[in-house]
Amino acid sequence: MKISSHTVARMLGTWQQGPGPAHQRLSDKLRLLILDGRLSLGAALPSERDLATALGTSRTTVGTAFRTLVEHGYLATRERTRATVRLPGGTAPERPAGTDPETIDLSFAAPAAPVEVLHAAFATALEQLPRHFERHGYDRYGIAELREAVAHWYRRRGLPTAPDHILITSGAQHALALLTRVILSPRDKVVIDHPTYPHAITTFTQARARLLPVAVTCSGWDTEQLRAAGRSAGLAYLIPDFHNPTGMRMSTSVRERLGLACPTIVDETMADLALDVPAAEPFALHMPTAISIGSVSKSVWGGLRIGWIRARPALLER
């Protein structure tokens with residue numbers, strides 16, 4: 001997807017305000033647009049010359065900003081092609097010298113492992129392992145005990161759920177990728193929050209879907225806009241619980257009124273983070289056809305790689 005220079009200029013707004021050299025202000029603003037999803041992953045930015053003209057600045061300023069983003073992993077460049085948006089990969093950066101060890105690293109939305117609890121859980125699982133050896137070891141839905149545990153999590157939150165409504169995956173991202181391949185065809189439209197989780201955008205663009213972003217504003221979700229977008233879409237992807245990246249929660253009244261015409265995937269990975277507020281009810285209480293995905297990556301530990309899909313058995317069979 002190519003983005004015009006005038007579109008980028010409009011997104012940047014008053015980027016020239018603030019301290020520091022112009023190229024630094026420009027690269028910082030572009031980086032924020034990438035992180036909050038307004039510049040989607042894989043999108044091709046305009047050329048340095050065109051963007052400089054649209055911004056009324058020098059090509060040197062734009063070129064230096066682009067090189068900074070390339071060095072930090074936010075842009076990829078190849079000869080005679082536009083710079084494309086990406087996210088940095090690799091291992092966690094080293095803690096800067098002199099940093100207080102109690103400092104929380106906000107560059108990762110994931111907790112460290114709860115060592116004692118997790119070790120005890122692994123020890124218990126190891127004791128239970130021999131009774132599974134008599135089986136062939138293949139279960140496309142996940143082992144029964146785990147599916148029942150996930151189903152119980154939904155029932156505890158007030159949503160009747162049986163194990164045959166659950167498919168175990170290797171994390172919520174795996175769940176989203178599976179559903180995307182099953183539900184979408186190339187050129188289908190997908191309704192997404194704007195901004196939203198960047199890796200979800202990558203999943204949809206790799207499936208050659210067309211994105212229909214609907215803004216999440218300071219007042220929350222726009223029910224009418226979501227409904228209107230859903231009428232022509234093949235899928236919607238929403239994060240109603242502690243939305244990534246805004247942290248907002250969808251109100252009960254919006255959940256009750258929403259009801260989209262297209263299949264709707266609800267990402268509940270963050271649902272267990274209600275530490276100082278009452279837990280929200282599951283979205284599917286109000287939209288029974290909603291497809292819920294979740295994982296233990298944020299509530300327990302990302303290294304477990306346990307996720308799931310909650311959906312009607314017919315969809316899980318597909």
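Every number here is computed from the coordinates shown, using simple stated rules; none is lab data. Owing to the predicted nature of the structure, the values given are computational and were not obtained by experimental measurement. Neighbour counts are summed over all protein chains in view; Cβ atoms, including those assigned to glycine, are modelled from backbone coordinates with ideal geometry.
Close amide-amide hydrogen proximity is noted between residue 142 and 168, each under 5 Å apart and 5 or more residues distant or on a separate chain (H modeled in the peptide plane; Pro and chain starts excluded).
For residue 216, nonlocal amide neighbours, meaning residues 5 or more places apart or on other chains whose placed amide H falls under 5 Å from its own, are 194.
Eigenvalues of the Cα gyration tensor times 5, then square-rooted: what semi-axes does that give for the chain, in whole angstrom, largest first?
38, 25, 19
Sorted largest first, the principal axis extents computed over the alpha-carbon atoms of the range 140-317 equal 40, 38, 28 Å. In order along the range 230-245, the Karplus-derived 3J(HN,Hα) couplings, from 6.51 cos²θ - 1.76 cosθ + 1.60 at θ = phi - 60°, round to x, 5, 10, 9, x, 6, 10, 10, 10, 10, x, 10, 6, 3, 9, x Hz, and Gly and Pro are given as x. Counting only DSSP beta bridges whose two residues both lie in the chain, roughly 45 percent are antiparallel.
A Cβ-based charge dipole, computed about the Cα centre of the chain with Lys and Arg at +1 and Asp and Glu at -1, lands at about 1420 debye.
Once Rh is set to the Kirkwood radius over Cα pairs, what Stokes-Einstein translational diffusion coefficient, in µm²/s, holds for the range 5-85 at a temperature of 25 °C and a viscosity of 0.890 mPa s? Answer, rounded: 197 µm²/s. Expressed in units of 2.2 N^0.38 Å, where N is the residue count, the Cα radius of gyration of the range 124-168 is 1.30. With the highest mean first, a sort of the peptides 198-208, 284-294 on other beta-carbon atoms found within 10 angstrom per residue produces 284-294, 198-208.
With helices as the sole contributors, the chain gives -10000 deg cm²/dmol at 222 nm; each DSSP H run of n ≥ 4 counts as -39500 (n - 2.57), and the sum is divided by every residue.
3J(HN,Hα) along the range 252-268: 4, 5, 5, 4, 5, 8, 5, x, 7, 7, 9, x, 10, 9, 10, 8, 10 Hz, from the Karplus curve 6.51 cos²θ - 1.76 cosθ + 1.60 with θ = phi - 60°, whole Hz, x for Gly and Pro. For the range 192-254, the Kirkwood hydrodynamic radius from C-alpha pairs, put into Stokes-Einstein at 4 °C and a viscosity of 1.567 mPa s, yields a diffusion coefficient of 106 µm² per second.
Counting alpha carbon pairs within less than 8 Å and at least 6 residues apart, what relative contact order, in whole percent, applies to the chain? Each step should come with its number before you reach the end.
Numbers: 489 pairs, mean separation 50.7, N = 318.
So the answer I get is 16 percent.
Listed by chain and number, the lysines whose alpha-carbon sits under 18 Å from that of residue 189, ignoring those within fewer than 8 places in the same chain, are 2. Residues considered: 11, 250, 270. Largest GNM mean-square fluctuation over the chain, using C-alpha springs under 10 Å, is found at 11. The HN-Hα couplings worked out from phi for the range 131-136 by the Karplus form 6.51 cos²θ - 1.76 cosθ + 1.60 (θ = phi - 60°) are 6, 8, 5, 6, 7, 6 Hz, whole numbers, x standing for Gly and Pro.
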